[in-house]
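Everything on this sheet refers to the single structure shown next.
The values are calculated or read from the model by the stated rules, or taken from the named source; none is laboratory data. As the structure is a prediction and not an experimental result, all values here were calculated from the model. Quick reminder, even Gly has a Cβ in these numbers, built from the backbone with ideal geometry, and neighbours come from all protein chains shown.
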Amino acid sequence: MEALQPVNQVGPVGSDVTPPAVKATDEGGLPVKGARVTFNLTQSPGTGGSIDPSSPAVLLTDANGIAQLNQWHLGDATGDNIVQASGYGIAIKGEAWTSILGREGIGPFVQSSLTNWTGYPDMTVEGFRFPLELVRDNAEFIAFGCDEGLGTADVTDGVKDASWDCANTEPFIANLGGGKKDATFYWMRDGSTFYFAVSIPVDETASEKENIFTLYLTDTGNATLTEGDDVLVLDGAAQSFSDQNWAEGKCPKGQSFCAFVDEDQNGDGHFQINVNPDGSAFYFYELKHKLQGDAVEDIADIGRLAAAFTLRIGKGAKGNTEWPGPFGEYEQIIP
Ligand SMILES: [Ca+2]
Ligand SMILES: [Ca+2]
Ligand SMILES: [Ca+2]
């Protein structure tokens, strides 16, 4: 029995995640139809967690050997939700053949590569005696229920791991040399740190020369970029992160980007081109910035946060994105 869906998932508490599915095959790798698989919801934090059909759900595999739940709804509290799938199979000692019992204990069991064969363990078939062995097979599926916007992300690799599924998200349109793309802005926090990311689909996996994600943060509730605001720069091509602060009015003449590099470098970030399971690619920029209680060059109040960002991918105006736009305007992301 093989798990067909991810055995580890993350989803907001009280949400639906991908329902578990298993495939039953014989030792020749052929799908086994009609095998009985029992799905048990063995752990569900809080209340409201369920599977459909309800636990214990007993399903028969289809012609492709697949049994799948219709739905898996996470409990309303943070923690691991667990579904276990189990079924019995028969192995013939010394023979490369396996089948699945129709019910626990003794037959009838489902036939696979042999025809018109019904019987019991340690039985005789066509004059030959096959010692049979009952084998219990299990698969375990775990889905972590998280509170949306709360969690800790690993930003050391530019890879979008499952922890980002806990983040707040906002869609935006990214301008690329090849046209506009539907992209996503992510943010989340734990007790001491904010995490931000953007994900942008791309048509090819070639790296871009100009490749910079610049994030602006303020906690003052101001609608526009102001001196002293936090500036975080992630240069994807150079793989460099820089913690800065906005220096309005101190710009050299003719220069529009007026940020000073902080004495206290606080944070980290990475960029990578990732490949989806379907083979399509996406840029992923991820960074973190520790919350500060006192440093003037960093955000001070974690209870209220407004953000803006620019994204430059490729040369020229076609590759410039401003969110929420126009430049210098903020959007409140924590009210
Ligand atoms: Ca990561
Ligand atoms: Ca700093
Ligand atoms: Ca700063």
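Here is how the numbers come out for the structure above:
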item: Qualifying residue in region 241-258 (condition: under 14 Å from G228 (Cβ atoms), away from ligand 3 (no atom under 16 Å from the Cβ), without any contact (Cβ under 8 Å) to a residue 24 or more places away in the chain and surrounded by fewer than 16 Cβ atoms within 10 Å (Cβ to Cβ)); result: yes
item: Selection from region 5-17 of residues that are touching a strand residue (DSSP E or B) at 6+ places or on another chain (Cβ under 6 Å), surrounded by 16 or more Cβ atoms within 10 Å (Cβ to Cβ) and assigned to a loop (DSSP other than H, G, I, E, B); result: Q5, V13
item: Hey, D157 more than 30 Å from P45 (Cα to Cα), modelled with pLDDT of 95 or more and not basic (K, R) or not; result: yes
item: Hits in region 18-52 - residues which are over 12 Å from I66 (Cα atoms) and in a loop (DSSP other than H, G, I, E, B); result: T18, P19, D26, E27, G28, G29, S44, P45, G46, T47, G48, G49
item: D268, sole failed condition from (1) surrounded by fewer than 15 Cβ atoms within 10 Å (Cβ to Cβ); (2) within 16 Å of ligand 1 (Cβ to nearest atom); result: (1)
item: Residue identified as in the same structural domain as T193 (by TED's automatic domain parsing), under 22 Å from P335 (Cβ atoms) and out of contact with any strand residue (DSSP E or B) (no Cβ under 9 Å at 6 or more places or on another chain) among A300, A308; result: A300
item: Subset of region 272-293 that is away from ligand 3 (no atom under 13 Å from the Cβ) and either outside any strand (DSSP E or B) or polar (S, T, N, Q) (or both) - its residue that is nearest to A237 (Cα to Cα); result: Q272
item: Selection within region 173-186 - among the charged types (D, E, K, R) and either under 13 Å from the mean Cα position of the chain (by Cα) or assigned to a helix (DSSP H, G or I) (or both); result: none
item: Residue check for T214: touching a residue at least 24 places away in the same chain (Cβ under 8 Å), within 19 Å of N245 (Cβ to Cβ) and buried (at least 18 other Cβ atoms within 10 Å of the Cβ); result: yes
item: Top-ranked residue in region 294-306 [being in a loop (DSSP other than H, G, I, E, B) and of a type in the set (A, V, I, L, M); ranked as nearest to ligand 2 (Cβ to nearest atom)]; result: A295
item: Test: residue in region 284-304 that is away from ligand 1 (no atom under 16 Å from the Cβ) and of a type in the set (S, T, Y); result: no
item: Total residues in region 313-327, condition touching a Ser or Thr at 6+ places or on another chain (Cβ under 8 Å) and at pLDDT 90 or above; result: 3
item: Boolean, T224 is closer than 20 Å to F185 by Cβ and among the β-branched types (V, I, T); result: yes
item: Every pair of residues 6+ apart whose Cβ atoms lie under 7 Å, when the first sits in region 260-271 and is within 19 Å of K250 (Cβ to Cβ) and in a loop (DSSP other than H, G, I, E, B) while the second is within 14 Å of ligand 1 (Cβ to nearest atom) and among the polar types (S, T, N, Q); result: none
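Results for (1) on the phi > 0 side of the Ramachandran plot; (2) at pLDDT 95 or above; (3) surrounded by 21 or more Cβ atoms within 10 Å (Cβ to Cβ), shown as yes or no for each residue.
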{"residue": "P20", "(1), (2), (3)": "no, yes, yes"}
{"residue": "A24", "(1), (2), (3)": "no, no, yes"}
{"residue": "R36", "(1), (2), (3)": "no, no, no"}
{"residue": "G46", "(1), (2), (3)": "yes, yes, no"}
{"residue": "S55", "(1), (2), (3)": "no, yes, no"}
{"residue": "N81", "(1), (2), (3)": "no, yes, yes"}
{"residue": "A91", "(1), (2), (3)": "no, no, no"}
{"residue": "W97", "(1), (2), (3)": "no, no, no"}
{"residue": "I100", "(1), (2), (3)": "no, no, yes"}
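Matching residues to (1) touching an Asp or Glu at 6+ places or on another chain (Cβ under 7 Å); (2) of a type in the set (D, E, K, R); (3) part of a strand (DSSP E or B); (4) at pLDDT 90 or above:
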residue: T124; (1), (2), (3), (4): no, no, yes, no
residue: P171; (1), (2), (3), (4): yes, no, yes, yes
residue: A206; (1), (2), (3), (4): no, no, no, no
residue: K209; (1), (2), (3), (4): no, yes, no, no
residue: L217; (1), (2), (3), (4): yes, no, yes, yes
